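This report refers to the structure that appears directly beneath it.
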Amino acid sequence: MSPGVVAPTPSENRHTPALTSPPRGTFSSLRIRNYRLFFTGQVVSNTGTWMQRIAQDWLVLSLTGSAAAVGITTALQFLPMLLFGLYGGVLVDRLPKRPLLLFTQSAMGTTGLVLGVLTLTGHVQVWHVYATAFALGLVTVVDNPARQAFVAEMVGPDQLANAVSLNSANFQSARLVGPAVAGLLIGAVGSGYAFLFNGLSFLAPIAALLLMRHAELHRVERAPRGKGQLRAGLRYVAGRPELLWPIVLVGFIGTFGFNFAIWLTAFTDTVFHSGASTYGLLNSLLAAGSLAGALIAARRATTRLRLLITAAFLFGFLEIVAAMTPSFWLFALMLVPIGVFGLTVNVTANSSIQMATDPAMRGRVMALYMMVFTGGTPLGAPLIGWITDTYGARIGFATGGVFSALAAVVIGLILASLGGFRVRDYPTALGLRKGMRSRVAGCSSRSTDCSRLIEGGAPGSPVRPL
């Protein structure tokens, strides 16, 4: 048993997880009541979140007339994750996650309600938006790793990959609906009601958390309060290549490859000489591809690092190809597979990292993952924006693709070299159980049983080697 995990419930004792295959199916994790409640609450909340994102940018633009002010708002919302993300992970590992999420979801709803009231009463100023964006970012520092880690407590290891994929599908579905609803609301009654809806939408996940059955959660022992926990988390990741290199890869792609707000606006305006409706269409196609990628990922019973590297390379390669595409409709259609592979990278990295992490460390590891993935935006976006402004939309888009594809190739080569471990090195490098280590140590590297053990990874484990 992994350190920090409480003895399994009677239902878990019926089979040894290492010897059974998880139930397959796109929506298999929704059979679990607690996760079904969580998923339903997130459907409502994510829709509200996307509505607020659109309304927030539109409000800042209408107050200032400055695109730079919109960029400042975005940077303020992501900056806390970059600055304090790791500390958020330490808190998540120390505190019970369901009460913590009740607090963070309530706080996030409050920011929406405050901004909505200020807007509807006519008192809103741009600094109010800056302040609420920064406050929302501060809460996200804890909320993001807490939600990521809490998924494992709801569904257990067998359904973790499926649940992570469905979370992404949930978010991408809201990305299709939320902006459209926000556009209608803004046009009809103004931005204030979009903020109010977002604030009230958090009642759904709060209710879901309150209705969960505590006894059905996969309980994890919390990390005790003590010194050096942040450094311990960093050392933990640094000593495990199956965690370190996927996080590094996601960092490169999140920093340089996911700047679609910059590229799609630039293509719409300077390449295709069109307006807001075209921009909305391009975003919808990208979101549709992302949704398809999430649903495809949900059907996979296992997660391979080879899939992560391949998807990352294809993501970057397709960005380069799309950047050079002369036809509008061909460019638009290219966004669908780009969305598929981009989401595959995110889901595969997320699920493989969670399944390879000791539960007592999961909050810190996922905080580092989220810090690297989203915290790179304030660093990469200005550089990519400058390249796009200076050399054009095509060069800017291609640059992001080149960074992503090269990162995939280099890290793929590193992981491939690590995949050629000697038998005694393999279990340590892939973070397998101590029982597996003794089994590998007791076999000859040329024996059939040993070869199967090395090629297949841990029996029944959803995390697979290259």
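The values are calculated or read from the model by the stated rules, or taken from the named source; none is laboratory data. What you are looking at is a predicted structure, and each value in this text was computed from that prediction instead of being measured. Cβ atoms come from the backbone with ideal geometry, glycine included; neighbour counts cover every protein chain shown.
Across the stretch 105-138, what is the total count of residues that are under 18 Å from Ile72 (Cα atoms), in a helix (DSSP H, G or I) and of a type in the set (A, V, I, L, M, F, W, C)?
10
Given the condition of a type in the set (Ser, Thr, Tyr), surrounded by fewer than 20 Cβ atoms within 10 Å (Cβ to Cβ) and at pLDDT 80 or above, answer yes or no: does some residue in the stretch 196-212 qualify? Full working, then the answer.
Of the residues in the stretch 196-212, the ones of a type in the set (Ser, Thr, Tyr) are 201.
When the remaining residues are screened for being surrounded by fewer than 20 Cβ atoms within 10 Å (Cβ to Cβ), the result is none.
No, there is no match, as no residue in the stretch 196-212 is of a type in the set (Ser, Thr, Tyr), surrounded by fewer than 20 Cβ atoms within 10 Å (Cβ to Cβ) and at pLDDT 80 or above.
Going by the structure shown, is Gly109 in contact (Cβ under 8 Å) with a residue 60 or more places away in the chain and more than 30 Å from Met355 (Cβ to Cβ)?
yes
State the number of residues belonging to the stretch 330-358 that are over 18 Å from the mean Cα position of the chain (by Cα) and within 17 Å of Leu244 (Cα to Cα).
Final tally of qualifying residues: 1.
Enumerate the pairs (first residue in the stretch 261-287 and assigned by TED's automatic domain parsing to the domain that holds Ile387; second residue anywhere and at pLDDT below 75 and among the polar types (S, T, N, Q)) with beta-carbon separation below 8 Å, excluding pairs fewer than 6 apart on the same chain, so at least 6 apart or on different chains.
Short answer, once both residue conditions are applied: Ala287/Gln172.
Do the conditions hold for Ala398, that is, is it in contact with a strand residue (DSSP E or B) (Cβ under 7 Å, 6 or more places away or on another chain) and at pLDDT 50 or above?
On the way: in contact with a strand residue (DSSP E or B) (Cβ under 7 Å, 6 or more places away or on another chain): no; at pLDDT 50 or above: yes.
Considered against the rule, which asks whether it is in contact with a strand residue (DSSP E or B) (Cβ under 7 Å, 6 or more places away or on another chain) and at pLDDT 50 or above, Ala398 comes out as no.
If you go through the stretch 248-270, how many residues are over 19 Å from Val336 (Cα atoms) and surrounded by fewer than 19 Cβ atoms within 10 Å (Cβ to Cβ)?
Result for the stretch 248-270: 3.
Sort out which residues of the stretch 181-191 are part of a helix (DSSP H, G or I), touching a residue at least 12 places away in the same chain (Cβ under 8 Å) and surrounded by fewer than 23 Cβ atoms within 10 Å (Cβ to Cβ), and write them in order of number.
Val181, Gly183, Leu185, Ile186
Got at least one residue in the stretch 319-335 being buried (at least 23 other Cβ atoms within 10 Å of the Cβ), touching a Ser or Thr at 6+ places or on another chain (Cβ under 6 Å) and under 15 Å from Gly400 (Cα atoms)?
No; the residues of the stretch 319-335 include none that is buried (at least 23 other Cβ atoms within 10 Å of the Cβ), touching a Ser or Thr at 6+ places or on another chain (Cβ under 6 Å) and under 15 Å from Gly400 (Cα atoms).
Restricting attention to the stretch 294-317, which residues are at pLDDT below 85 and surrounded by 20 or more Cβ atoms within 10 Å (Cβ to Cβ)?
Selection gives Ala294, Ala297, Ala298, Thr303, Leu305.
For the stretch 230-302, which helices (runs of 4 or more DSSP H) that fit wholly inside it have 2 or more residues that are on the phi > 0 side of the Ramachandran plot?
Once the helices (runs of 4 or more DSSP H) in the stretch 230-302 are filtered for at least 2 residues that are on the phi > 0 side of the Ramachandran plot, nothing remains.
Do you know which of the residues in the stretch 143-160 that are of a type in the set (Asp, Glu) and either more than 20 Å from Arg304 (Cβ to Cβ) or under 11 Å from the mean Cα position of the chain (by Cα) (or both) is modelled with the lowest pLDDT? Working first, answer last.
Our first condition is that a residue be of a type in the set (Asp, Glu); within the stretch 143-160, this holds for 143, 153, 158.
Now restrict to residues that are either more than 20 Å from Arg304 (Cβ to Cβ) or under 11 Å from the mean Cα position of the chain (by Cα) (or both): 143, 153.
Values: Asp143: 92, Glu153: 87.
By that ranking, first place goes to Glu153.
Does Thr399 count as in contact (Cβ under 8 Å) with a residue 40 or more places away in the chain and outside any helix (DSSP H, G or I)? Before the answer, list the steps.
Details: in contact (Cβ under 8 Å) with a residue 40 or more places away in the chain: yes; outside any helix (DSSP H, G or I): no.
Spelling it out, it is not the case that Thr399 is in contact (Cβ under 8 Å) with a residue 40 or more places away in the chain and outside any helix (DSSP H, G or I).
For the stretch 326-357, which residues satisfy the criterion of being assigned to a helix (DSSP H, G or I), under 30 Å from Leu91 (Cα atoms) and not polar (S, T, N, Q)?
Gly342, Leu343, Val345, Val347, Ala349, Ile353, Met355, listed by residue number.
Taking the conditions exactly as written (under 21 Å from the mean Cα position of the chain (by Cα) and in a helix (DSSP H, G or I)), does Ala163 satisfy them or not?
yes
If we keep just the residues of the stretch 213-239 that are modelled with pLDDT under 75 and under 16 Å from Met154 (Cα atoms), which is surrounded by the fewest Cβ atoms within 10 Å (Cβ to Cβ)? Reasoning before the result, please.
Our first condition is that a residue be modelled with pLDDT under 75; within the stretch 213-239, this holds for 219-230.
Within this subset, residues satisfying the condition of being under 16 Å from Met154 (Cα atoms) are 219-222.
Numbers: Arg219: 17, Val220: 22, Glu221: 12, Arg222: 16.
Once the filter is applied, the top-ranked residue is Glu221.
Of everything in the stretch 84-107 that's aliphatic (A, V, I, L, M) and more than 18 Å from the chain's Cα centre (by Cα), which residue is modelled with the lowest pLDDT?
Val90
Looking at the structure I just gave you, is Ala360 in contact with a strand residue (DSSP E or B) (Cβ under 8 Å, 6 or more places away or on another chain), touching a residue at least 12 places away in the same chain (Cβ under 8 Å) and assigned to a helix (DSSP H, G or I)? Explain how you work it out, then say what you get.
Working: in contact with a strand residue (DSSP E or B) (Cβ under 8 Å, 6 or more places away or on another chain): yes; touching a residue at least 12 places away in the same chain (Cβ under 8 Å): yes; assigned to a helix (DSSP H, G or I): yes.
Spelling it out, Ala360 is indeed in contact with a strand residue (DSSP E or B) (Cβ under 8 Å, 6 or more places away or on another chain), touching a residue at least 12 places away in the same chain (Cβ under 8 Å) and assigned to a helix (DSSP H, G or I).
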